[in-house]
Amino acid sequence: MLKMGFNEGCTWDGNRGCADQSLMADLKACAKYGFKGIDIRFDCLDKYLAKGGTLEELNAFMKANDIVPLSYNALCFFNMKQTAEEKQAVMDELDDIIKKCAALDCHMVVVVPSCDLNEKGIEATRQEIRDDAVAVLKEMVKKCEPTGLKLSLEFCGAPSMSINTFDDAYEIVKLVDSPLMGVTLDQYHFNGMRSDWSKLEKADGDKIFVWHLNDTEDVPAGAGYNTDAKRLWPSDPRGCLDHKRFADTLKEIGYDFENGFITMEVFRPDYYEMTTDENIKTAAAETAKHIQRYCK
């Protein structure tokens, strides 16, 4: 049966979160409520290290509590860089992440595409974006090959994102053509720009490296107000996602339901009013209920 994973977006979105949130608070609550894996947010890790924590201590805590570091989340805005300096900065950041992941025994990095290209004076076609992403990701894969670190491309379902559908993300992953390259499937993002179900139904389940669980209010595709704040726990009656179809499709295409993870990721401001403990307790109950209903 699928294992329960937790993404720190549930307690912290980069600007706000639960009042008592920290990486260690998240991990302690994950251990308490049965999460077996965690997506570690880069900014939560940075705060932990800035306050004197060490990667070795963090790794020891996770091992002692049987928690797998599922991914380093994330290397953001990797593509469509316009200068040699911008391109080198991405590779330098990856070098640093590779070292951190080695110390944490973490085997995956989520990579997020660039956004707001028009504000940078870029009017790229889908093909130009695809070609650029493939070239950059192939270079990144070469850096990751010595350690076997995997890269998971997370398309983001908003019109401002350069890669905003599963369709485009999966095509890029196929063109990179490496066992180290896969896709992050976030249900909210899949719905955001109405990705094509037929593309998911024909995908290779082994290429779905990360599955993010959530629900969302039913708003128009591409609406400017369709932000992460519209996410919901998956059992919320206001939600519109077809959870059975997601689970059934992933079963059909060979996603690993025996040893894999399903990872809760919501960013709803209402949920940040909870304590970290309350938030993660709820996330665990929601995840367990979802697995029992759809993923057996």
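The values are calculated or read from the model by the stated rules, or taken from the named source; none is laboratory data. Not measured: the values here are computed from a predicted model. Here the Cβ is made from the backbone with ideal geometry for all residues, glycine too, and neighbour counts use every protein chain on show. Note: areas computed on protein heavy atoms with side chains; ligands, DNA, RNA excluded. Shrake-Rupley method; radii C 1.70, N 1.55, O 1.52, S 1.80 Å.
Which value in deg cm²/dmol, rounded to the nearest 500, describes the helix-derived mean residue ellipticity at 222 nm for the chain, given -39,500 (n - 2.57) per DSSP H run of n ≥ 4 and division by the residue count?
One gets -13000 deg cm²/dmol as the mean residue ellipticity at 222 nm.
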- prompt: Solvent-accessible area per residue for the stretch 52-91 at a 1.4 Å probe radius, Å²?
  reply: 50 Å²
- prompt: So which cysteines in the chain don't have a second cysteine's C-beta under 4.7 Å from them?
  reply: Cys10, Cys18, Cys30, Cys44, Cys76, Cys115, Cys144, Cys156, Cys240, Cys295
Percent carbon-and-sulfur accessible area, the chain, ignoring ligands, DNA and RNA, probe 1.4 Å: 49 percent
- prompt: Among Ala283, Ala64, Ala102, which one moves the most in a GNM of the chain with springs linking Cα atoms closer than 10 Å?
  reply: Ala64
- request: Go through the stretch 1-85 and name the trypsin sites (Lys or Arg not before Pro) that are in a DSSP coil and have 10 or fewer other Cβ atoms within 10 Å of their Cβ.
  value: Lys51
message: Could you sort Lys207, Lys251 by their accessible area in this structure, using a 1.4 Å probe and putting the largest first?
response: Lys251, Lys207
- line: Once phi for every residue in the stretch 234-240 is put through the Karplus expression 6.51 cos²θ - 1.76 cosθ + 1.60 (θ = phi - 60°), the whole-Hz ³J(HN,Hα) values, with Gly and Pro written as x, are x, 8, 5, x, 6, x, 10
field: Net length gained if the chain between Trp197 and Asn15 were fully extended (0.36 nm per residue, minus Cα distance)
entry: 62.2 nm
task: Among DSSP beta bridges lying fully in the chain, give the percent that are antiparallel, nearest 5.
output: 15 percent
task: Please identify the longest segment of the chain free of exposed GluC sites (Glu not before Pro), where exposed means a DSSP state other than H, G, I, E or B and no more than 14 other Cβ atoms within 10 Å.
output: 124-257
